[in-house]
Amino acid sequence: MRISHRTSAPLAVAGVVLLLGAGAVVFGGSRLALAHQREISVGAAAEAGKETTSALLAQYVLRRKSDPDRTEILTKQGKLVAVMTDGARTAHLQGPQRTIAEPRFTPAKIITTEWVRLAPKPWTAAAANEEWFATWFTKALVDKSPDILGIAMQYMYGAPPKKDAEGKQYSGDASFGPLSDIDPDGRAENSDFYDYLGVPWEFPDGVKEKPSETHRLSLDCSGFLRMVYGYRSGYPLLGVGVGIEPGEKRQQEIAHTVKEPGLPRSAWAIADFGPGVQLMPNTGKRAANIDRLLPGDLLLFNAGPVQNKHIEHSGLYLGVDDRGHRRFLSSRSQANGPTMGDLHGESILDGSGFWAIRLRTARRL
């Protein structure tokens, strides 16, 4: 059952806030390192015969940067339009300004022009000259559907339920789910996306799962990420299997992650074997170089009693809030579901708080 703080207050007071505006705000999470800049006018670089690609790219300037290797796409006037990271499908696009807030649990707000979407392929330095990019990029720039951040907000406290044509609820306020006898503090994965949906699921790696009725409308930390990036946004997902011993489960997840591309079930597997680009190494100590983070990046934490390299929690980076702090969103047992708030620990990566000192690594899918 959900605890009262996630069920009793009316939406008008406690709901998620996602506002669009006409103004422009410089978003701190988009600051990019100045080292290794190289500008390329790409209109003349498009291959002969690819008129659509050439016409599109003639409008922009491409600038290559490193740490991580990426391409910035700018207008001829130097205004940033998009960031594409080598080896990742995640695209960071500039769009209408919006405010993301959870007023019941924090006065902080995210005011941003960043929109996070998935490209159909991982980015490479040469991808701008490929025909798929022109087609996708043209549509992405005018896409008005919810992006990764918008979808994530649909599971926070007070988010109204939405159902598909068959009457199945696919979004709305999610609880963390019941804890097990062997998991008294909520660090194990118990509630995946198919539990929230209440439907059986067969994964591309052949694993079949059945939902638990007691975990209906529930998402644990990695289950939340898999709902947002996988079920809702189409990123490939991997199964694990139920009813097996923890050691065997770990070996099975390693084997599946190595064999098939996709987002693993467990936070530790996302950290160690996950797809995309690892943004900083896991040294067992507080992660350095968090200025590399961009909204939508997956965050991996050591949440256990002993601070080491072990990963037990995952979250989604949101960006710099209006107080200057790097804020994230994650599903936690103490808050009984996804939150960007400060209940039982500030959801920020700077300072000396619980989560700040326990961030170990991050990935960009």
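Residue pairs whose Cβ atoms lie under 8 Å apart, separated by 6 or more positions or on different chains, with the first residue in region 145-158 and under 13 Å from A174 (Cα atoms) and the second open to solvent by 10 Å² or more (accessible area, probe 1.4 Å) and outside any loop (DSSP other than H, G, I, E, B), are M153/L18; Q154/K162; Y157/H5; G158/L11. Of all residues being farther than 14 Å from I73 by Cβ and out of contact with any Lys or Arg (no Cβ under 9 Å at 6 or more places or on another chain) in region 127-144, which is most open to solvent (accessible area, probe 1.4 Å)? Just the residue, please. Out of the qualifying residues, it is K144.
Just so you know, in region 336-348 the residues that are in a strand (DSSP E or B) and of a type outside the set (S, T, N, Q) include one that is farthest from R292 (Cα to Cα), and it is G337.
Taking the criterion of being touching a residue at least 40 places away in the same chain (Cβ under 8 Å), in contact with a helix residue (DSSP H, G or I) (Cβ under 7 Å, 6 or more places away or on another chain), of a type in the set (F, W, Y) and assigned to a strand (DSSP E or B), would at least one residue in region 315-335 satisfy it? No, region 315-335 contains no residue that is touching a residue at least 40 places away in the same chain (Cβ under 8 Å), in contact with a helix residue (DSSP H, G or I) (Cβ under 7 Å, 6 or more places away or on another chain), of a type in the set (F, W, Y) and assigned to a strand (DSSP E or B). The test for being within 30 Å of P68 (Cα to Cα), at pLDDT below 95 and among the β-branched types (V, I, T) holds for T135.
Residue-level check: of (1) open to solvent by less than 10 Å² (accessible area, probe 1.4 Å); (2) in contact with a Lys or Arg (Cβ under 9 Å, 6 or more places away or on another chain); (3) not in a loop (DSSP other than H, G, I, E, B), Q278 misses just (1).
Residue count for region 195-238 under the criterion of being of a type in the set (V, I, T) and in a loop (DSSP other than H, G, I, E, B): the result is 2. Do we have S352 as closer than 21 Å to L219 by Cβ and either open to solvent by 10 Å² or more (accessible area, probe 1.4 Å) or touching a Gly at 6+ places or on another chain (Cβ under 6 Å) (or both) here? No.
Looking across region 201-229, the residues that are in contact with a helix residue (DSSP H, G or I) (Cβ under 7 Å, 6 or more places away or on another chain) and more than 27 Å from G304 (Cβ to Cβ) come down to W201, D205, P211, R216, L217. Out of L57, L74, L20, L32, I need the residue that is over 28 Å from F176 (Cβ atoms) and at pLDDT 95 or above. Which one? After ruling out the rest, the residue left standing is L74. So for region 176-185 (the condition being touching a strand residue (DSSP E or B) at 6+ places or on another chain (Cβ under 8 Å) and at positive phi), does at least one residue qualify? The answer is yes; a qualifying residue exists. Number of residues in region 203-220 that are at pLDDT below 95 and of a type in the set (S, T, N, Q) equals 2.
Name the single residue, out of those in region 124-151 being touching a Phe, Trp or Tyr at 6+ places or on another chain (Cβ under 9 Å) and not in a helix (DSSP H, G or I), that is nearest to L225 (Cα to Cα). Among those residues, the one meeting the criterion is D147.
Return a yes/no flag: does region 329-338 have any residue that is more than 23 Å from T112 (Cβ to Cβ) and crowded, with 17+ Cβ neighbours inside 10 Å.
Yes, region 329-338 contains at least one residue that is more than 23 Å from T112 (Cβ to Cβ) and crowded, with 17+ Cβ neighbours inside 10 Å.
Do we have any residue at all in region 110-118 that's assigned to a loop (DSSP other than H, G, I, E, B) and either open to solvent by less than 10 Å² (accessible area, probe 1.4 Å) or modelled with pLDDT under 90 (or both)? Checking region 110-118: not a single residue is assigned to a loop (DSSP other than H, G, I, E, B) and either open to solvent by less than 10 Å² (accessible area, probe 1.4 Å) or modelled with pLDDT under 90 (or both). Please go through (1) open to solvent by 30 Å² or more (accessible area, probe 1.4 Å); (2) part of a loop (DSSP other than H, G, I, E, B); (3) not polar (S, T, N, Q) for D291 and return the number of the only condition it doesn't satisfy. All conditions are met except number (2).
Within the bounds of region 99-109, is there any residue that is closer than 17 Å to V228 by Cβ and in contact with a strand residue (DSSP E or B) (Cβ under 8 Å, 6 or more places away or on another chain)? There is at least one residue in region 99-109 that is closer than 17 Å to V228 by Cβ and in contact with a strand residue (DSSP E or B) (Cβ under 8 Å, 6 or more places away or on another chain).
The values are calculated or read from the model by the stated rules, or taken from the named source; none is laboratory data. These figures come from a predicted structure and were not determined experimentally. Cβ coordinates were reconstructed from backbone atoms using ideal geometry, including for glycine residues, and neighbour counts include every protein chain displayed. Only protein heavy atoms, including side chains, enter the accessible area calculation; ligands, DNA and RNA are left aside. Shrake-Rupley method; radii C 1.70, N 1.55, O 1.52, S 1.80 Å.
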